[in-house]
1. Please determine, by comparing only the residues of the stretch 1-57 that are closer than 18 Å to Arg70 by Cβ and among the hydroxyl-bearing types (Ser, Thr, Tyr), which one is modelled with the lowest pLDDT.
2. Report, by residue number, each residue of the stretch 51-72 that is of a type in the set (A, V, I, L, M) and more than 15 Å from Arg9 (Cβ to Cβ).
3. Could you please give the count of residues in the stretch 26-72 that are under 14 Å from the mean Cα position of the chain (by Cα), in a loop (DSSP other than H, G, I, E, B), hydrophobic (A, V, I, L, M, F, W, C) and closer than 16 Å to Glu16 by Cβ?
4. When you go through (1) surrounded by 11 or more Cβ atoms within 10 Å (Cβ to Cβ); (2) more than 16 Å from Glu6 (Cα to Cα) one by one for Pro28, which number turns out not to apply?
Amino acid sequence: MTMPSERTRAIIQAREFLVDLSRDKALPEAVRTEAHRLLRHYPTADEVLLAGKVEEQREDGLPWVFLSSRID
C-alpha cells in the first residue's frame, strides 16, 4: 500500500521528470513540447505539500489522507 508521503514524493518527482524532459535537447521536439504542455497545469512541489497539509488538517471524518505535507 502506498503511503501518503510516498504518493506526495512521487507527484513531486514526476514534475521534476517533466521539467528534465522539457529541457533535454537530445529528445525530439514533440516530446519536449508535450512535457512543457503538461507542466503548464502540473502542481508545483509547494502546491502539492500545501494540499497535503490541508488534507491532514481537515475535520470531515474521513479515515484516510491522500497526500502528505512531508516527503520524508
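1. Thr2
2. The initial filter retains those residues of the stretch 51-72 that are of a type in the set (A, V, I, L, M), namely 51, 54, 62, 65, 67, 71.
Answer for the stretch 51-72, where residues must be of a type in the set (A, V, I, L, M) and more than 15 Å from Arg9 (Cβ to Cβ): Val54, Leu62.
3. Total meeting the criteria: 1.
4. (1)
The values are calculated or read from the model by the stated rules, or taken from the named source; none is laboratory data. Please read these numbers as outputs of a predicted model, since none were measured by experiment. Counting neighbours? That spans all protein chains shown, and the Cβs are built from the backbone with ideal geometry, glycine included.
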